[in-house]
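Colleague: A single structure is presented below for examination.
The values are calculated or read from the model by the stated rules, or taken from the named source; none is laboratory data. Note that the structure is predicted; figures quoted are calculated from it, not measured. Because the Cβ atoms are built from the backbone with ideal geometry, glycine has one as well, and the counts that use them run over all protein chains shown.
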Amino acid sequence: MTPRVRQARIADLVRKRGRVTVEDLAGLFESSHETIRRDLTALAEAGAIQKVHGGAKLPRRREEGPFQERLGRNAAAKRVIAAKAARLIAPGETIFIDTGSTTLLCAEEAARIADLTVVTNSARIAAVFAEGGGEARVFLVGGSYDGDNAETVGPMAIAQVRAFHADHAILGAGALDARAGAMDVSVDEAQIARAMLEHSDRVIMLADATKFDRRAAFAVCPLGRIDHLVCDRPPEGALAQALADASVTVQ
């Protein structure tokens, strides 16, 4: 079992049980205590768990901080990204758009585009499009509701996403890595993003430069599945080369 797979399973166990011990994890995965401690360190750095003496527990909610705090973080960069992304959407198209601070700003820009059909799991994004000047048809999928993020997640939301097909999936990235692709710190949000991109013709990924060369616990997609990466400044080094090799348009 690779470290990435083991860490994803550990994070899922923490989410289900609330707390786990190094002793139990070592036995379950037939790994050394030191290996498990390294896994917990990596997951804690990604925000997926909180390390405690002898094990781990659910993180102090939220993994990325309260939504309003995230909205104000790197706000200027996110507004640049939002304006660029909105220009990729044409009147009359159908779009998926997932929950996030950058995708919310993108929604504010795109709400003026005429005759869109919008499918989202974000109550905030649904309201922006419903109140915008473009007279969008808005579908807010149902499911388990997260009040801070004002989003729906879980099997019901995923099933409803799969009932649609979109021209674009507009997704926020929690992390981008040359080898691992796009990732998220939340298993629920990663599952929603995967369902959206699986039922879309094109994927528009939004990421400010702080997300570059980072990893998180939950995979969203390889770089080759991204059609447009919209960012405030272009990546450099290995990530830039990997994006070019995957024929991703960086904007």
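Colleague: How about segment 206-217: which of its residues are of a type in the set (Gly, Ala, Ser) and either under 20 Å from Ala157 (Cβ atoms) or not in a helix (DSSP H, G or I) (or both)? Talk me through it step by step, then tell me what you get.
Modeller: In the first step, residues of segment 206-217 are kept if they are of a type in the set (Gly, Ala, Ser); the result is 207, 209, 216-217.
Of everything in segment 206-217, those that are of a type in the set (Gly, Ala, Ser) and either under 20 Å from Ala157 (Cβ atoms) or not in a helix (DSSP H, G or I) (or both) turn out to be Ala207, Ala216, Ala217.
Colleague: Please go through segment 13-33 and give me each residue that is under 28 Å from Ala182 (Cβ atoms), assigned to a helix (DSSP H, G or I) and in contact with a helix residue (DSSP H, G or I) (Cβ under 7 Å, 6 or more places away or on another chain), ordered by number.
Modeller: Once the filter is applied, which keeps residues that are under 28 Å from Ala182 (Cβ atoms), assigned to a helix (DSSP H, G or I) and in contact with a helix residue (DSSP H, G or I) (Cβ under 7 Å, 6 or more places away or on another chain), segment 13-33 yields Arg15, Leu25, Phe29.
Okay, residues lined up against (1) over 30 Å from Val250 (Cα atoms); (2) in contact with a Gly (Cβ under 9 Å, 6 or more places away or on another chain); (3) in a helix (DSSP H, G or I); (4) at pLDDT below 90:
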{"position": "Thr35", "(1), (2), (3), (4)": "yes, no, yes, no"}
{"position": "Ala42", "(1), (2), (3), (4)": "no, no, yes, yes"}
{"position": "Ala48", "(1), (2), (3), (4)": "no, no, no, yes"}
{"position": "Ala56", "(1), (2), (3), (4)": "yes, no, no, no"}
{"position": "Glu63", "(1), (2), (3), (4)": "no, yes, no, yes"}
{"position": "Glu69", "(1), (2), (3), (4)": "no, no, yes, yes"}
{"position": "Lys84", "(1), (2), (3), (4)": "no, no, yes, no"}
{"position": "Ile89", "(1), (2), (3), (4)": "no, no, no, no"}
{"position": "Gly92", "(1), (2), (3), (4)": "no, no, no, no"}
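Colleague: Find the residue count for segment 135-169, including only residues that are without any contact (Cβ under 8 Å) to a residue 40 or more places away in the chain, part of a loop (DSSP other than H, G, I, E, B) and surrounded by fewer than 22 Cβ atoms within 10 Å (Cβ to Cβ).
Modeller: The number of residues fulfilling the criteria is 7.
Colleague: Continuing with the same structure: Identify, please: which residue in segment 95-120 is part of a strand (DSSP E or B) and under 19 Å from the mean Cα position of the chain (by Cα) and is, among those, surrounded by the fewest Cβ atoms within 10 Å (Cβ to Cβ)? Give the derivation first.
Modeller: Here is the first cut: in segment 95-120, the residues part of a strand (DSSP E or B) are 95-97, 117-120.
From what's left, under 19 Å from the mean Cα position of the chain (by Cα): 95-97, 118-120.
Working: Ile95: 27, Phe96: 29, Ile97: 31, Val118: 28, Val119: 25, Thr120: 29.
Selected residue: Val119.
Colleague: What residue, of Val5, Val52, Val14, is surrounded by fewer than 16 Cβ atoms within 10 Å (Cβ to Cβ) and in contact (Cβ under 8 Å) with a residue 12 or more places away in the chain? So that I can check it myself, show each step before the final result.
Modeller: Details: Val5 fails: in contact (Cβ under 8 Å) with a residue 12 or more places away in the chain; Val14 fails: surrounded by fewer than 16 Cβ atoms within 10 Å (Cβ to Cβ).
Answer to the selection: Val52.
Colleague: The conditions are (1) in a loop (DSSP other than H, G, I, E, B); (2) within 30 Å of Asp146 (Cα to Cα); (3) modelled with pLDDT of 95 or more, and Val203 fails exactly one of them. Which is it?
Modeller: Tallying (1) in a loop (DSSP other than H, G, I, E, B); (2) within 30 Å of Asp146 (Cα to Cα); (3) modelled with pLDDT of 95 or more, Val203 fails exactly one: (1).
Colleague: Among the residues of segment 218-226, are any small (Gly, Ala, Ser) and part of a strand (DSSP E or B)? Steps first, please.
Modeller: Step one: of segment 218-226, the residues small (Gly, Ala, Ser) are 219, 224.
This time we only want the ones that are part of a strand (DSSP E or B), so: 219.
Checked segment 218-226: at least one residue is small (Gly, Ala, Ser) and part of a strand (DSSP E or B).
Colleague: Could you check segment 170-195 and list, in sequence order, the residues that are crowded, with 21+ Cβ neighbours inside 10 Å, over 19 Å from Ile226 (Cα atoms) and either in contact with a Ser or Thr (Cβ under 6 Å, 6 or more places away or on another chain) or touching a residue at least 60 places away in the same chain (Cβ under 8 Å) (or both)?
Modeller: Ser186
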